[in-house]
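The values are calculated or read from the model by the stated rules, or taken from the named source; none is laboratory data. Keep in mind the model is a prediction, meaning the values are calculated, not measured. Reconstructed Cβ throughout: ideal geometry from the backbone, glycine too, with neighbour counts over all protein chains shown.
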Ligand code: ASP
């Protein structure tokens with residue numbers, strides 16, 4: 001029975017398309033690629049692909065990753081410019097025994113060699129926002145200030161499981177800064193025998209807990225996707241709080257090998273979309289205060 005889950009409201013239309021592919025007997029890989037490309041190509045989503053908000057130098061640096069849960073191979077690009085669909089480059093890199101994670105120029109050269117479409121990812125709107133931000137004296141870096149990663153997990157009828165991520169990273173980041181999204185174990189992980197997980201939020205914090213690997217490990221030891229998301233996030237939040245820090249801004253999604261899914265967040269509300277045995281819907285995970293991050297997936301609404 002196919003299943004699919006993705007982060008944020010912006011993933012909804014893409015997930016609908018991806019899930020239709022699964023229902024028609026298509027592969028998890030095609031579902032994930034189609035769903036993420038839909039978000040990357042939409043200039044209205046200013047944290048992923050075309051129209052993504054620039055780094056401090058006014059350029060858009062892209063991070064993306066792909067993991068095949070049946071082979072445990074991954075591919076990814078980081079800090080790369082002008083690749084119209086970073087997820088396609090990540091997918092093409094997945095399976096290489098060496099050189100599967102390419103940064104900057106190397107990633108761009110690979111995309112060109114593969115014949116992938118290139119484009120300037122900036123729009124008039126994103127450049128205007130960047131110029132406006134440059135005028136501000138006190139700039140604050142915030143993972144959720146108009147900034148999210150699209151993460152997708154799909155399981156198909158052939159038992160194949162894939163996770164993909166794509167983001168332009170933090171608005172006004174330092175050129176060269178890389179978040180969790182292309183980092184295996186942190187931004188994503190997938191082992192088709194047990195499940196997959198992916199994260200969005202402040203990459204610098206997510207990486208400290210290797211959150212996605214931890215969630216899959218918990219599912220391997222018998223936790224449900226919801227329990228695994230909550231426990232992994234709770235442990236990291238607990239460590240942060242005991243170090244005198246705040247909870248941070250982090251949200252996670254997961255799916256097990258049976259296609260059951262779950263999510264958790266430190267936010268008041270974290271929207272995600274999912275489908276299994278039914279048409280895709282939007283749901284919300286709700287976070288709590290001081291270490292009580294996460295709750296299960298209450299339905300947010302049926303239509304986008
Ligand atoms: N995780 C992303 C990063 O740190 C940003 C986000 O998901 O909001 O680059």
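Filtered by the rule that a residue be in contact (Cβ under 8 Å) with a residue 60 or more places away in the chain, more than 16 Å from the ligand (Cβ to nearest atom) and in a loop (DSSP other than H, G, I, E, B), the stretch 1-43 gives 1, 2, 25, 26, 27, 43. Scoring residue 192 on the criteria (1) surrounded by fewer than 24 Cβ atoms within 10 Å (Cβ to Cβ); (2) within 14 Å of the ligand (Cβ to nearest atom); (3) within 15 Å of residue 256 (Cβ to Cβ) leaves a single failure, condition (2).
Of everything listed in (1) more than 21 Å from residue 4 (Cα to Cα); (2) buried (at least 24 other Cβ atoms within 10 Å of the Cβ), the single unmet condition for residue 235 is (2).
Is it the case that residue 157 is at pLDDT 95 or above, more than 10 Å from the ligand (Cβ to nearest atom) and part of a loop (DSSP other than H, G, I, E, B)? It is true that residue 157 is at pLDDT 95 or above, more than 10 Å from the ligand (Cβ to nearest atom) and part of a loop (DSSP other than H, G, I, E, B). Candidates in the stretch 169-180 are the residues that are crowded, with 23+ Cβ neighbours inside 10 Å and modelled with pLDDT of 95 or more; of these, the one that is nearest to residue 194 (Cα to Cα) is 180. Applying the condition of being more than 9 Å from the ligand (Cβ to nearest atom) and part of a strand (DSSP E or B) to the stretch 160-177 and asking which residue is nearest to residue 134 (Cα to Cα) yields 166.
Going by the conditions given, is residue 187 away from the ligand (no atom under 16 Å from the Cβ) and either closer than 30 Å to residue 158 by Cβ or crowded, with 17+ Cβ neighbours inside 10 Å (or both)? No. Right, residue 218: more than 20 Å from residue 70 (Cβ to Cβ), modelled with pLDDT under 95, more than 16 Å from the ligand (Cβ to nearest atom) and not in a loop (DSSP other than H, G, I, E, B) or not? Considered against the rule, which asks whether it is more than 20 Å from residue 70 (Cβ to Cβ), modelled with pLDDT under 95, more than 16 Å from the ligand (Cβ to nearest atom) and not in a loop (DSSP other than H, G, I, E, B), residue 218 comes out as no. In a loop (DSSP other than H, G, I, E, B) and within 9 Å of the ligand (Cβ to nearest atom): is that true of residue 180 in this structure? Yes; evaluated as a whole, the condition is true for this residue. The number of residues in the stretch 56-77 that are buried (at least 23 other Cβ atoms within 10 Å of the Cβ) and more than 17 Å from residue 122 (Cα to Cα) comes to 9. Do the conditions hold for residue 248, that is, is it over 29 Å from residue 2 (Cα atoms) and surrounded by fewer than 18 Cβ atoms within 10 Å (Cβ to Cβ)? No; evaluated as a whole, the condition is false for this residue.
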